[in-house]
Each structure stands twice: as C-alpha cells, then as structure tokens.
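Novice: Next up is a structure, given as structure tokens.
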Amino acid sequence: MLARLFSGSVENLEERKFQKYLKSAEKGNAKAQEKLGYCYENGIGTTKDEEKAFQWYMKSAEGGDSFGQDDIGYCYRHGIGTTKDEKKAFQWHLESAEGGNHLGQNNLGYCHENGIGTTRDEKKAFRWYMKSAEGGNHLGQNNLGYCYLNGIGTTKDEKQAFRWYMKSAEGGDSDGQNNIGYCYHNGIGTTKDEKKTFRWYTKSAEGGDSDGQYNLGNCYENGIGTTKDEEKAFLWYKKSAEGGNLGQYNPGYYYHHGIITTKDEKKAFQWYLRSAEGGNHSGQFNLGYCYQHGIGIIEDEKKALHWYSLSAEGGNSDAQISLENYYKIKKTKDEEKIFYWYLKSAEEGNTDRQNKLGYCYLLGIGTTKDDEKAFQWYIKSAEGGNRGGQYSLANCYFNGIGVTKDKKKALRWYVESSKGINKVE
C-alpha cells in the first residue's frame, strides 16, 4: 500500500512539474520551454511526444537558451521529432557551444571528430572537448581522455588520458568509470591494480554502462580483483548483452554449454544471432557453427558459410580454419580458397598457417610456385616458434630453396625444430 502511494506521489509530482513548465513555457520562458521539451521527449508527467518535444526545443533554442540549442542539435542529429539533418545539427551545436554551454561544446567536438555536418577535423574536436572538460562536463572529460589515449588532435599522452578519465569517473560518468577501470587493468597512465579495476568496472556496470557490465562479467569469470564467480559473470554478461553490447555471444556461450544455467540451444542461437548481426566476429563464428551443426536451428550450409566468411574476414582465426577445412573436404577441392584463408591467418600471425602458406608457395597450391615467398613465410613461422616451420626452414637452407645453401643454418634450425613437439594453432 505504501509503495503504491509513493508511486502515485511521484507521478503526481511529475505531472505538477509538467504543468508548471507548460505555463511558464507558454509565457515565453526559454528555460521552461527547454524543460518542457525534455518532458515530452521522455514522457515525464505527460504522454511521450517527440514532435512536441522538438517544437518546444526549437522555441527554447530560438529564444537563446544554450541547452535548448544543444537539444535541437541532438534532435536534428538523430531524427527525433523531425527529419535527420546533420548540417542543421552542427549549426545548433555550434551556437550552443559558442554560447558557453559545456554539453554543447562536447557535442560540437563530437561533430568535428566524426565529420557530422562538417569536415572532419580532429584538432578542432580536441579543442572543443578541452573547453567542455575544463568547464566540468563529464562527457567532455571522458572524450578528452580518449583523445589523449589515442592521439586524436593532440600528442598521445597516457598520463593525461588517465587524469581526464578519472575526472569523468569521479563525476559519475559511467563511460569514464569503465575507461578508468580499463586503465587500471592495463596499466595505462598508472600502475596496474586489479582491485581498483574491479571497483571501477562495478561502478560503471551499476550505472548501466553495457561495456562496464561486460568488463565486470569478465572480472568475475577470470577472478580479476575478485573471487571467480561464474554465476555473477553470467548475470553481468546477460545485462550487458540486453543493453546491446557486442559481447552478446557470451550469454550464448553459457546457454550453449549449460554453464551456470540450463543448457538451451535455442537461446544460445538467439544470442549468437544478436551478437553476429551487431558485428561481433566471435558471435559470427558461433552462429556459423550453429548453422553448420544444427544447434538451435535447422542445419544450413549456405548460412554457415556466410557467417564463417564474415567472421574470418574480420580476423577470427577459428572461422578461418573452419573455412580452410570446408574447402579441403569439398567434393571439388578448392585450392585457391584454401590458399586465401591460409594467407589471411598467416598475415595475422598464425605460425602454423605461415608454415602451410610456405608449403603452398613451394608446390604452387592455389597460387603460382614461388620458392622465395615460400622461404619468407617459413622464416616467419620458424621465428614465431613453430616446429614445423623451423623444420621447413632448415630444409630450405639445406637444399637452397629460395635462399643460398647454408648447412650451418640448416643444422641450427633442424636442432631448434627437434627441441619440442610442435603446437598446431
């Protein structure tokens, strides 16, 4: 009963605020017009109505309110209550920023960084983020940290990145909290500290940031700054996935293998699908695997190949190997495609595939025979510690394949190759 009364009082309070803003807005108060627009945009004290939100934001903006100007820029940028128009978005963000609005300055920086309604200009982006950050805007502080971390419009400086991420995090920005957790996890601009990593990821996750939720799940899964807890890992991965994080494949994996939860292949498939469609290469591989083996869905070779190909092109080595194997066992062996996927994996540092690629060049499998290229790939494989590559390189030196004969070097690599059992990647 008490909860119901409290709920009702909150609703009444919102309605009263709405009526108050409406009266003041109708009298021409630009600040009230901005607040009224916010009520309509978010359904506070009234029915949600994006067109009315836009109309009141416009009145506020034209009345000179810098928040209204920023809001109308945001509406044009995202098509809220109006047709999307990036040039108009940029102009309104500019007006807000030049009027000293720190949120508008952040959004103008974002436009310059990403070329929204204007030519991309990282130096201008950095300058506006700096103005926003120095004015105390936590979004601007987070974006300024990102600029320092990645050298966007300024010289890369990890200590400055850490400093601004910390300001943002301490100000309550969940993105900033996730990023400061990342700094502590990886020793960026500070000493590595797993307990602080866990603490900041927790703040970010509890603040609703999907990246923070994913990273907190990873902490629980791997015991980073806390005791390992698969159940909590699953819960945070699921929250993150429901918020649209590309790590949607994680709950898929849990459902697929029955980790902490009941095994459910249909749910596994659905999570892999969401992850794959969001562009996650691990999710794409797992979805391809589902289609190949009929996990949570009817087997479909064409769809399996489609998702394996997307994942492999994105650099997923498991998908690349799956495609290699597919083209090897096809009724009509496709040597050019086998070569193509060996090359992709080799270029990404897979030493086993570097050795196999050398073999393709040596015998002309799927490509033109080329002893020198064979030798070059054998070197990469051998120097990466692959025993097969070391043995192949020794053969090249012994027989003068793609290089001048050199029995001493051949012996050295034969000995190196014999030191252990090769690990196939």
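The values are calculated or read from the model by the stated rules, or taken from the named source; none is laboratory data. Not measured: the values here are computed from a predicted model. With ideal geometry, Cβ positions are generated from the backbone for all residues, glycine too; neighbour counts draw on all protein chains shown.
Novice: Among the numbered criteria (1) under 24 Å from TRP341 (Cβ atoms); (2) crowded, with 23+ Cβ neighbours inside 10 Å; (3) in contact with a Cys (Cβ under 9 Å, 6 or more places away or on another chain); (4) not basic (Lys, Arg), which single criterion is violated by TRP236?
Specialist: (1)
Novice: Tell me, please, whether a residue that is buried (at least 20 other Cβ atoms within 10 Å of the Cβ), in contact (Cβ under 8 Å) with a residue 12 or more places away in the chain, acidic (Asp, Glu) and more than 20 Å from HIS256 (Cβ to Cβ) can be found in region 334-348.
Specialist: Scanning region 334-348 turns up no residue that is buried (at least 20 other Cβ atoms within 10 Å of the Cβ), in contact (Cβ under 8 Å) with a residue 12 or more places away in the chain, acidic (Asp, Glu) and more than 20 Å from HIS256 (Cβ to Cβ).
Novice: Of all residues in region 205-220, count the ones that are crowded, with 18+ Cβ neighbours inside 10 Å and more than 19 Å from the chain's Cα centre (by Cα).
Specialist: Matching residues across region 205-220 total 1.
Listed here are the residues, each with its yes/no results for (1) out of contact with any helix residue (DSSP H, G or I) (no Cβ under 9 Å at 6 or more places or on another chain); (2) within 19 Å of GLY100 (Cβ to Cβ); (3) of a type in the set (Phe, Trp, Tyr).
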position	(1), (2), (3)
GLY37	no, no, no
GLY43	yes, no, no
THR47	no, no, no
GLU50	no, no, no
ALA53	no, no, no
GLY64	no, yes, no
ASP71	no, yes, no
HIS78	no, no, no
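Novice: Is it true that ILE298 is without any contact (Cβ under 8 Å) to a residue 12 or more places away in the chain, of a type in the set (A, V, I, L, M) and not in a helix (DSSP H, G or I)?
Specialist: On the way: without any contact (Cβ under 8 Å) to a residue 12 or more places away in the chain: yes; of a type in the set (A, V, I, L, M): yes; not in a helix (DSSP H, G or I): yes.
So ILE298 passes the test.
Novice: Ok, one more. Give me the pairs: first residue in region 208-219 and touching a residue at least 24 places away in the same chain (Cβ under 8 Å), second residue of a type in the set (Lys, Arg) and in a helix (DSSP H, G or I), beta-carbon distance under 7 Å, and six or more apart or on different chains, which are they?
Specialist: GLN213/LYS239
Novice: Kindly indicate whether GLY136 is over 18 Å from MET166 (Cα atoms) and either of a type outside the set (A, V, I, L, M, F, W, C) or out of contact with any His (no Cβ under 9 Å at 6 or more places or on another chain) (or both).
Specialist: Here the answer is no, as GLY136 does not meet what is asked.
Novice: I'd like the full set of residues that are among the hydrophobic types (A, V, I, L, M, F, W, C) and either assigned to a helix (DSSP H, G or I) or modelled with pLDDT of 85 or more (or both), limited to region 244-290.
Specialist: Answer for region 244-290, where residues must be among the hydrophobic types (A, V, I, L, M, F, W, C) and either assigned to a helix (DSSP H, G or I) or modelled with pLDDT of 85 or more (or both): LEU246, ALA268, PHE269, TRP271, LEU273, ALA276, PHE285, LEU287, CYS290.
Novice: In addition: Which ones in region 187-204 are farther than 19 Å from ASN143 by Cα and either part of a helix (DSSP H, G or I) or touching a His at 6+ places or on another chain (Cβ under 9 Å) (or both)?
Specialist: LYS192, ASP193, GLU194, LYS195, LYS196, THR197, PHE198, ARG199, THR202
Novice: Please verify whether region 375-392 includes one or more residues that are surrounded by fewer than 17 Cβ atoms within 10 Å (Cβ to Cβ), at pLDDT 85 or above and farther than 19 Å from SER345 by Cβ.
Specialist: no
Novice: Please determine, by comparing only the residues of region 10-52 that are without any contact (Cβ under 8 Å) to a residue 40 or more places away in the chain and of a type in the set (Asp, Glu), which one is surrounded by the fewest Cβ atoms within 10 Å (Cβ to Cβ). Show your work before the answer.
Specialist: Taking region 10-52 as the starting set, the residues that turn out to be without any contact (Cβ under 8 Å) to a residue 40 or more places away in the chain are 10-40, 42-52.
Filter once more, so that each one left must be of a type in the set (Asp, Glu): 11, 14-15, 26, 34, 49-51.
Working: GLU11: 12, GLU14: 15, GLU15: 14, GLU26: 12, GLU34: 25, ASP49: 15, GLU50: 17, GLU51: 10.
Among residues in region 10-52 that are without any contact (Cβ under 8 Å) to a residue 40 or more places away in the chain and of a type in the set (Asp, Glu), the one surrounded by the fewest Cβ atoms within 10 Å (Cβ to Cβ) is GLU51.
Novice: Filter region 118-136 for residues that are buried (at least 21 other Cβ atoms within 10 Å of the Cβ) and either farther than 24 Å from LYS87 by Cα or among the acidic types (Asp, Glu) (or both) and give the result.
Specialist: The answer is ALA133, and nothing else.
Novice: For LEU305, only one of the following conditions fails: (1) without any contact (Cβ under 8 Å) to a residue 24 or more places away in the chain; (2) under 22 Å from ASN215 (Cβ atoms); (3) not hydroxyl-bearing (Ser, Thr, Tyr). What is its number?
Specialist: So the condition that LEU305 fails would be (2).
Novice: Residues that are among the hydroxyl-bearing types (Ser, Thr, Tyr), at pLDDT below 80 and not in a helix (DSSP H, G or I): does region 313-321 have at least one?
Specialist: No: region 313-321 contains no residue that is among the hydroxyl-bearing types (Ser, Thr, Tyr), at pLDDT below 80 and not in a helix (DSSP H, G or I).
Novice: Among the residues of region 56-84, write down those that are crowded, with 19+ Cβ neighbours inside 10 Å and of a type in the set (S, T, N, Q).
Specialist: SER60, SER66, GLN69
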